[in-house]
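The values are calculated or read from the model by the stated rules, or taken from the named source; none is laboratory data. Computed from a prediction, not measured in an experiment: that's the story for all the values here. Here the Cβ positions follow ideal geometry from the backbone for every residue, glycine too, while neighbour counts run over all protein chains shown.
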Amino acid sequence: MSEGWESYIAFPARVPIVASKSMLIKIGSKADQYFHALMTRVFDCCGFLSKHATKRLIQKIKNINPNVIQLHNLHGYYLNIPILFDYLKQSGIPVVWTLHDCWAFTGHCVHYTCVKCNRWKTGCYACPRKNSYPNSFVFDRSRQNYAMKKKTYADIPNMTIVPVSFWLGDVTRQSMLGTYPICVIQNGIDVHTFRPRTEAVRRIRAQYGLDNKYVILGVATGWSEEVGLSTFFRLRNKLSSDFAIVMVGCTSDIIKQLPNGIIGIARTNNVDELASIYSAADILFNGSYQETFGLVTAEALSCGTPAIVYNATACAEIVTKETGYVAEAKDEMQVLKFILYDSELSCEERNRRSLICRKYAIEHFDKEKKYNEYIDLYKQILDTYQ
């Protein structure tokens, strides 16, 4: 909008409306989306229902007649992708599709690395992640879904794919979408919000009893084995009382399971408080081994906190030798070694590295710079196709 363009955002009806300067378009109804989700639980058909909702959305798009259509996640039980893409083929309007996960080119799942499945390259079947989101507890339609997606995506005249990481870009080039132009634009963060909160460090450490401790931080929107839940437990057993582990994003059930020496904090929507927690930690450990970007790692770096990540999927591309450590996937002993090494660094070394982390995040993950990359892409596409 700062470029003088009008902006319309279409979103599922079940998502709460928030203040926006864009013109908002609600897609379908809550009842339709609940039905779509229920049918998916039985028939594994995410993305292939909601016909009427999609047709009504298309009519609104026709009325707007946009210069560019920007797609994000199309899963979530609110769209019919064959109907949507049939319209995109006919309209000829340039399409930019940002991929935040792998669902677009698999027969079912949003991530496949935890089961080391590569069927998405040639054709999905007998999905080993059928019970994962978008969950299907009865039928497995991964073969049919894959074939339908491949047919649906064929011959879109003006479509550019934008993966949010270089890892996802490499994967996409090997997928059914690999014939389209691919332009990687990494996710961005608000570097003004996620900044070192030195004034809050003393308060946070006192609040959670962290004084004189080396603090290892973990942050997740939902804790599970896929993001390293039990790894934090085992690390706790190997560390002395001079170390403390803080896990943000815990449910009440998870908090009840935490052993002594691990502090659980419920998920917070207060980003200022989250930035303060990042700032109070000595190091972030991102124990996930299937990330299509890794926002929490970028947020920590922006707050001046170095990170330990696994050399798996997109995690390793965010951290450099100057801003943290990269351990081999699931190598907990190497993670432990990095923690112990880092804890021995002098205050001067830590302060110097904190400045490097902050500078690196500003240079590489500032969302304003990412917005400009999208604007440049839109202009390039419009110059080419109009």
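In this structure, A154 does not satisfy being aliphatic (A, V, I, L, M), farther than 19 Å from V309 by Cβ, assigned to a helix (DSSP H, G or I) and out of contact with any Ser or Thr (no Cβ under 7 Å at 6 or more places or on another chain). Of note, I204 satisfies the criterion of being in a helix (DSSP H, G or I) and more than 17 Å from the chain's Cα centre (by Cα). Filtered by the rule that a residue be outside any strand (DSSP E or B) and under 16 Å from the mean Cα position of the chain (by Cα), segment 212-227 gives A220, T221, G222, W223, S224, E226, V227.
Going by the structure shown, is F48 surrounded by 17 or more Cβ atoms within 10 Å (Cβ to Cβ), closer than 30 Å to G4 by Cα and in contact (Cβ under 8 Å) with a residue 60 or more places away in the chain? Judged against the criteria, F48 is not a match.
Yes/no per residue for (1) over 19 Å from the mean Cα position of the chain (by Cα); (2) under 26 Å from A316 (Cα atoms); (3) buried (at least 21 other Cβ atoms within 10 Å of the Cβ); (4) not aromatic (F, W, Y):
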| position | (1), (2), (3), (4) |
| --- | --- |
| L210 | yes, no, no, yes |
| L229 | no, yes, no, yes |
| R236 | yes, yes, no, yes |
| D253 | yes, no, no, yes |
| I263 | yes, no, no, yes |
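Within segment 269-300, if we keep just the residues that are under 21 Å from L235 (Cα atoms) and hydroxyl-bearing (S, T, Y), the residue that is surrounded by the fewest Cβ atoms within 10 Å (Cβ to Cβ) turns out to be Y289. Filtering segment 303-338 down to residues that are part of a helix (DSSP H, G or I) and crowded, with 22+ Cβ neighbours inside 10 Å, which residue is modelled with the highest pLDDT? Looking at the filtered set, the residue picked out is V335. Is it the case, given these coordinates, that C109 is under 22 Å from the mean Cα position of the chain (by Cα), over 23 Å from L377 (Cα atoms) and not β-branched (V, I, T)? Here the answer is yes, as C109 does meet what is asked. No other residue among N118, N67 is touching a residue at least 60 places away in the same chain (Cβ under 8 Å) and more than 19 Å from N135 (Cβ to Cβ) apart from N67.
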